[in-house]
Structures are given as structure tokens and as C-alpha cells.
Amino acid sequence: MLRKTVSFILASALMLGLCGCGKPNGGYVYYLNFKPEADAAWQELAQEYTEKTGVPVKVVTAASNTYDDTLSAQLNKSYCPTLFICNNAQGLEDLGNYPYDLTGTALEGQLENYEYCLWGKNGEIFGMGFCYEAYGIITNKALLAQAGYSVEDINCFEDLKNVAEDIHARSEELGFDAFTSSGLDPSSSWRFSGHLANMPLYYELFETDLTTQPAEITGSKLNLYRNIWDLYINNSGTSKTSLTTATGNQAEEEFGSGKAVFFQNGTWEYSSLTDPAKYGIAPEDLTMIPIYCGGDYEENCALCCGTENYWVVNSKASQESIDATLDFLYWVVTSDEGKTMLSKEFGVTPFKDSIPTDNVFFNAEKAYEEQGKHPVKWTFCMTPNTDVWREGVTSALADYSAGIGTWDAVENAFVNGWKFQYKLEHGTM
């Protein structure tokens, strides 16, 4: 999250006078990329654009979990990023006057879906989501059919609970279990301290129109969190006492090799699960269902959809470099080369004439929306001091699952941890 380092960034910028950080020989594009897995694709696209136009395009990719520090360091250089990533509305607020207003640009003219923009107080477009992702419960339809069910049988938490408990009870006979391991190792815990935690947050806050973090939450819907967490850990082949060492790769392998029907994860798993050299699951055997947890009107909900990837153009770059950056982004979203890369690497984009994806998980979300169901917002992006807050929730979940802690401790980490981390982050202790 950008807000951890933004005060340092802004203070340093003022001291170093970074207004006008363009190179002397004219406009350029410098993109600080957030996703390491897309580095090769961005590098190739940058080279193609430079060969076509002569405009220098540099792509620097931050290593995993180092984006804030890398951005801070790069913005303090005379040759600084003209384009970078903001994670959410709070991060945008923390960036002060760095974001350039994209309203009225040719790039904005290509937008088809404005739902994934970050807005200024006066309606400016300061951040533009260039892709969005979805997560839910990935389901192996072939295994589900072997157990005597179909996805049409699951439309609410009670349905999911009945199916999962029956599959778990017959796991030896069937040769597979209901859920993959709910690992609380750092490689996996984000699925539950972040993505699953979204469910009680969403149901508590969904009637509000928040754009910034609330200073406090009530935890009024944490019973939903307990519902789904208990279902996961009680209907899996993994011991509840071993969750702290169960990894993300372990869960993926369990699902990919047919050891479990359900796997909480997102659209980004599609290529790995269908890769013939890895698991080779037939696309027609895969789908994704919503995370049913007992919330009000959940039968009308689709998948959890959102993004933490918003393009922000650096207003402190020279106008030549700002214009060069806007031209590059316009080419990315309109050219065959750019649209192909976006579709392959990121799936669904909010731009006109984007190339349809073959990712069946995105297609599942589209089908839900065509049925009149609404996506569940990524409310988890609101969490204060995210990494530390999640560590507290994860620790409490681990103790609860192993039988050495109480659910009250989970609620305390969730609610009081939020209040404490908000004060710490905002300097109001």
C-alpha cells in the first residue's frame, strides 16, 4: 500500500524540487510496474512502442512486497517515473497533488466502464484501473458431479454447507475432499486475512459509500466470517493444527491434482490450473462460485470483483513526458499489440474493443451479472496498516483453528486491531 511511504515521498519531493523531472532531451515514458509476473510482457511492449515511435519507454518492476519503497526511491530521482500504480482511494488521497487529471484525455475516451476509477473531490479521474480481477470459490465441476452434485445446487451458504459436509463425510469413498487446505503460512494467509475478511467487511459496510478508511468498525458481521472459516477447516483433508505451515502452493496442488472440489482463490489461477505442463484441468471442468457465508441476500451476489491496480500519471513530470505517457497508454489500450497483451496477462479490462478473455472464471462472473446478480466490492482494500493488521488476524485464526484460542480473540484482532492500526497509521495515538 502506498500510504506507508507517501509522507516521506511528498516531503522529499518538496525538498528536492521534483517539479519538472523530465530528461533534457524531451519527453519519455517511465513506468514503475507493480506486478512482477507481468514484467516480461511490459518490457516487450515497451520495446515495440519505442521501435515504432522512437519515444523511449522504460519499465522498472518492483520486487514482490517492495513497491512502496521502490516508488519512494524512484520519485526522488531526477529521472523519475511518469506512470505508477496506486492501490486504492486512501492511497490516492495520501498522494496529494502527484496524480494528473485524466479527465478529457484520449485515454479516458477509451473507457467503457468507469466503475474502476479513482476520483478526485471535484470529479477528476486521478487513477484509472486498467484491469480487474475476481475471486471466489474455484470449483471442479467434474469432481462435484462425481459426488452427485452440480453448481446449480449451490446458491447460498446452507447449500454450500450441505454439499461440503456430505463430500467430506464420504471423502475416503470418493477419493477427494471438499476444500483444499486453508493455509496460514504467509504464502497463503492473505487469502483469508485479506480476501475472506472482505466478506464480513462488505456486509457491514456495503450500504455506505465509503471512499476512505473508517476509523473503526463494529465487527457486526463477523459471524459470517466464522461460518465460512469453520466450513473450510472442518471439511478438508488437512489437520487444523497444521495450518500455520500449509502453503499456497500446497492448496493449489491439492486442487490441481484432484484432491479437493473447492479452492478459494481468484481469476489469476486460471493459467496455472489449465496449463498442460502443470495440472492440465480442462477449462470446461472449472468454474468459480461466490463465497457464500450466510449474508443477507447473498443469493443475489456474484463474485468478489475489484482491483488494486490503478494507473496514475505523474503530474510533476514535464508536460512533454506527461503527453508521451498518455500517448503510450492510449496505444496500449487501442493497438492490437497492447490489447493482446492486456487480455493475456490481465484478462478483463474496462476499455472499448478489448479482446475477450478465455478465462472461464471471468466468464462465470459475466454469467452471474447477466442473471442480475451484483459483484461484491473489494472492501478489504480499506484495511489500515494492512500487513500488520492481517498478521494479527492470521495469528488469532491459527490459535482458534488449533483449539488453543477463542473466537473472541479473532474478533478482537479484527475490530480492536483495526482501531489501533488506524490510529497508528494516521498518527492519532
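Going through the cross-link list Lys58/Lys339; Lys35/Lys373; Lys58/Lys377; Lys52/Lys316; Lys52/Lys339; Lys259/Lys366, which pairs have a Cα-Cα distance over 22 Å in this structure? Over 22 Å Cα-Cα: Lys35/Lys373; Lys58/Lys377; Lys52/Lys316; Lys259/Lys366. Annotation: aspartates and glutamates with alpha-carbon distance below 13 angstrom to Lys161 (same-chain offsets under eight excluded): Asp153, Asp230.
Could you check what % of the DSSP bridge pairs in the chain are antiparallel, to the nearest 5? DSSP beta bridges in the chain are roughly 65 percent antiparallel.
Net charge dipole, segment 46-170: roughly 460 debye, given to the nearest 20, about the Cα centre with Cβ charges of +1 for Lys and Arg and -1 for Asp and Glu. With contributions of -39500 (n - 2.57) from each DSSP H run of at least four residues, the per-residue ellipticity at 222 nm computed over the chain stands at -12500 deg cm²/dmol.
A straight line joining the Cα centroids of segment 148-187 and segment 101-127 runs 42 Å. Considering only Gly338, Gly127, Val57, the residue lying farthest towards the positive end of the dipole of the chain is Val57, judged by Cα position with unit charges set on Cβ. Of the residues Gln213, Gln47, Gln146, the one that moves most in a GNM of the chain with alpha-carbon contacts below 10 Å is Gln146.
Got a sec? Charge dipole of the chain, +1 on Cβ for Lys and Arg, -1 for Asp and Glu; which of Tyr292, Leu118, Tyr279 is way out at the positive end? Toward the positive end, the furthest listed residue is Leu118. Recomputing percent of Cα pairs over 36 Å apart from the coordinates shown identifies the correct label among [x] 45; [y] 35; [z] 29 as [z]. Could you pull out the chymotrypsin sites (Phe, Trp or Tyr not before Pro) across segment 296-338 that fall in loop regions by DSSP (anything but H, G, I, E, B) with no more than 16 other Cβ atoms inside 10 Å? Listed in order of number, the matching sites are Tyr297. Relative to one another, the C-alpha centroids of segment 300-355 and segment 398-416 are positioned 41 Å apart. Here Lys278 is the anchor, and the aspartates and glutamates within straight C-alpha reach of less than 20 Å, apart from those fewer than 8 places off in the same chain, are Glu37, Glu252, Glu253, Glu254, Glu269, Glu345, Asp358. Computed over the chain with a Gaussian network model linking Cα atoms closer than 10 Å, the most mobile of Ala260, Ala251, Ala73 is Ala73.
Rounded to the nearest 10 degrees, the inclination of helix 319-334 to the longest alpha-carbon principal axis of the chain is 40 degrees. Across the options Tyr232, Val360, Gln250, the greatest Cα extent toward the positive end of the charge dipole of the chain (unit charges at beta carbon of Lys, Arg, Asp, Glu) belongs to Gln250. In this structure the amide hydrogen of Thr103, modeled in the peptide plane, comes within under 5 Å of the amide hydrogens of Ile125, none closer than 5 places in sequence on its chain. Its Cα centre serving as origin, segment 212-282 has a Cβ charge dipole (Lys and Arg +1, Asp and Glu -1) of approximately 200 debye.
Relative to the first principal axis of the alpha-carbon coordinates of the chain, what is the inclination of helix 39-53, with its axis defined by its Cα atoms, in degrees from 0 to 90 and to the nearest 10? The helix 39-53 is inclined about 30 degrees to the chain. Summing Cβ point charges (Lys, Arg +1; Asp, Glu -1) relative to the Cα centre of the chain gives a dipole of roughly 1220 debye.
Any read-out appearing in this document is the output of simple, stated calculations on the displayed coordinates, not a laboratory observation. Please read all numbers here as calculations on a predicted model, not as lab measurements. When we count neighbours, we look across all protein chains shown, and the Cβ atoms used for this are built from the backbone with ideal geometry, even at glycine.
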